[in-house]
Amino acid sequence: MLNQKKISNSGNVGIPIAMRRDMCLQPKDAVNVQMQDGSIVITPVSPRCMFCGASKDNMKKIYGRHVCGECIEYAASRFKDDKAGDSDE
Ligand SMILES: [Zn+2]
């Protein structure tokens with residue numbers, strides 16, 4: 001996903017809404033900004049769960065997305081339910 005943006009006079013650059021949604025970034029969230037191999041990399045200080053949006057200590061990174069322990073347990077229980085043929089959806 002490549003987006004071209006202009007830097008404002010005060011040095012601000014807007015993060016496109018699709019990227020903010022994709023990364024579960026909300027207004028006032030803290031981010032780390034660092035230089036890395038000639039690029040500027042923005043990383044959430046406290047990543048949010050891609051399912052419930054919570055920022056917790058028990059986060060796991062799965063395929064580049066953060067998921068909290070509670071959502072992992074819920075998904076695992078739903079998977080077990082589906083395998084047993086008890087799905088309600
Ligand atoms: Zn969650």
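Numerical summary
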item	result
Environment charge at ARG48 (Cβ cut-off 15 Å; Lys +1, Arg +1, Asp -1, Glu -1)	+3
Virtual spin-label span in nm between SER46 and SER8, 7 Å along Cα→Cβ	2.5 nm
The stretch 1-48: C-alpha gyration tensor shape, a/c 1.5 cut-off, then a/b vs b/c	rounded
Formal net charge of residues neighbouring ASN58 (Cβ-Cβ distance under 11 Å; K, R +1; D, E -1)	-1
Exposed trypsin sites (Lys or Arg not before Pro) absent: longest stretch of the chain, with sites in DSSP loops and at most 16 other Cβ within 10 Å deemed exposed	57-89
Pairs beyond 28 Å (Cα-Cα), from LYS60/LYS80; LYS6/LYS56; LYS6/LYS60; LYS5/LYS28	LYS6/LYS56; LYS6/LYS60
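Values quoted throughout were computed directly from the atomic coordinates according to the rules given, and no laboratory measurement underlies them. These numbers come from a predicted model, not from an experiment. For neighbour counting, all protein chains shown are included, and Cβ atoms are generated from backbone atoms with ideal geometry for every residue, glycine included.
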